[in-house]
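Engineer: Provided herewith is a single structure, encoded as structure tokens, for subsequent inquiry.
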Amino acid sequence: MTGASERSENEQPEKSPVGAKRKSWLSYLMTFVVLGAIAAGGYAVYFFYFKPDESSETRSRPVVTVTATEAKEVSWMYELTGVGTVTPVQGTDLTSELAGKVVAIEFESGARVDEGELLIQLDTTSEVAQLESLTPQLRQAKSDLDRARELIEGNAISEETYEESIAEVDRLQADIKEQQAVIARKKIVAPFAGTLGIRMVSLGQYISPGDAVATLQQIEPIFVDFDLPERNVSDVEVGLGVRVSTAAYPDETLEGEIAAITPLIEEATRSFTVRAELPNTDRKLKPGMFADVVVELPQQRRIVTVPQTAVAFNAYGSSLFVIEPDEQDSEQQRAKRTFVRTGERRGLDIEIVDGVEAGQQVVTSGQLKLSDETPVTISDQDAGAHVPEVPTEP
């Protein structure tokens, strides 16, 4: 009996591993529930007792003075843009056909000259001397011819002698014309009216045939040649207006019209060349300049525009401030930051493709003091007059 009792005491059943795991899982769950309740209670206390009133903070912001204007709906003509090169109507390097010494310079560098005006005179002393010697010889030959004509009528001389007299007169006349032509060619004259470049010869200098003495450019009027993509070949025609601007005169726009269109499409670039003609009465455009060209097409489109000063360009997008009434205070206005999509720029205005509607008021100056929902008051004076200018380029 004793042995049986001892076996019963020593052979106690082992604890189930499933039950142990379930008890551990329940303890973890209870721990998370308690921690979650503590966190929720803490947040509730913070929300009701410590979190500031955002609406009161917004209402307590200082009022900022700005200037504003309405976004306008306007009509803009469709335009094509290109980059071109200023080209003279006529341009050449003035050179001498003959060799000779410069004995007279009749122009100043940069002067305007008329067609046929004398510019350079080369030495013609020997040519003039030869011409002077030929003149009396011609007179004598003509006299001999008259005498031979009388004699031939009386059969006093042969026909061969009479013809020799005629040939002598012709030869001397040809020699005189040749010397006159040489003398004329030693005068360098302006082949057309235009503006001279810098003088490249000096008095007394000996020049050879082909040596340049100056450049001559006809720049009034003047051409601007530029390329357009082949898809626009049906959009342009002779007579359409163009606007031209250059880096040399960034604040000025010159107007002209299309004078010619090439019939050839370049295979390499798939573009064609257009030539515009401008009066250039002030001669500001110079041959070789780069020029930005805008072709004005007859079609129009309705768009919304605002001043360029209203738009801020940043890496994350373009935006501006729209003035709206305060929802809680009808007498107060607020500036709301609005992201926009912009289009073309013309003059001081910029196209707003999306984000602002016509009639909405936008802030044009004073934006540096603004953040979203800042209360504002509108002034007629430029609030940003004394604020450093912020570039509007992206």
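Engineer: Glu106: accessible area at probe 1.4 Å, nearest 10 Å²?
Structural biologist: For Glu106, solvent-accessible area is about 100 Å².
Engineer: Can you compute the label reach from Ile183? Point 7 Å from Cα along the Cβ direction, backbone N cut-off under 18 Å, restricted to segment 126-168.
Structural biologist: Under 18 Å, as judged by backbone N against the label point of Ile183, lie 126-140 of segment 126-168.
Engineer: Another question, then. Could you please state how large a percent of the accessible area of segment 56-131 is carbon and sulfur, counting protein chains only and using a 1.4 Å probe?
Structural biologist: 45 percent
Engineer: What per residue convex hull volume, in Å³, do the alpha-carbon atoms of segment 162-279 yield?
Structural biologist: Convex hull of Cα atoms, per residue: 258 Å³.
Engineer: Follow-up. Which Rg and Dmax, in Å, describe the Cα atoms of segment 53-179?
Structural biologist: 40.7, 139
Engineer: Starting from the coordinates of the alpha-carbon atoms of segment 233-310, obtain the Kirkwood hydrodynamic radius over all distinct pairs and give the value in Å to one decimal.
Structural biologist: Taking the inverse mean of 1/r over all distinct Cα pairs, segment 233-310 comes out at 14.7 Å.
Engineer: First compute the accessible area of segment 132-217 with a 1.4 Å probe, then give the percent of it belonging to carbon and sulfur atoms.
Structural biologist: Whole-percent figure for carbon plus sulfur exposure: 50.
Engineer: Let me ask another. Taking only protein heavy atoms and a 1.4 Å probe, what accessible area per residue, in Å², does segment 204-244 have with all protein chains in place?
Structural biologist: 45 Å²
Engineer: Sticking with this one: Can you compute the charge dipole magnitude of segment 143-233 about its Cα centre, using +1 on each Lys and Arg Cβ and -1 on each Asp and Glu Cβ, nothing else charged? Give it in debye, rounded to the nearest 20.
Structural biologist: Computed charge dipole of segment 143-233: roughly 840 debye.
Engineer: Continuing with this model, one more query. So who's got an amide H within less than 5 Å of the one on Met289, skipping anything under 5 residues away but keeping other chains? H placed 1.01 Å off N, in plane.
Structural biologist: Distant-sequence amide H within range of Met289: Val86.
Engineer: Taking the alpha carbon gyration tensor of segment 254-394, what are the square roots of 5 times its eigenvalues, largest first, to the nearest whole Å?
Structural biologist: Over the Cα atoms of segment 254-394, the ellipsoid semi-axes are 42, 18, 14 Å.
The values are calculated or read from the model by the stated rules, or taken from the named source; none is laboratory data. Fair warning: this is a prediction, and the values are worked out from it, not measured in the lab. Heads up, the Cβs are rebuilt from the backbone with ideal geometry, glycines too, and the neighbour counts pull from every protein chain shown. These accessible areas exclude ligands, DNA and RNA; they are computed on the full protein's heavy atoms, side chains included. Shrake-Rupley method; radii C 1.70, N 1.55, O 1.52, S 1.80 Å.
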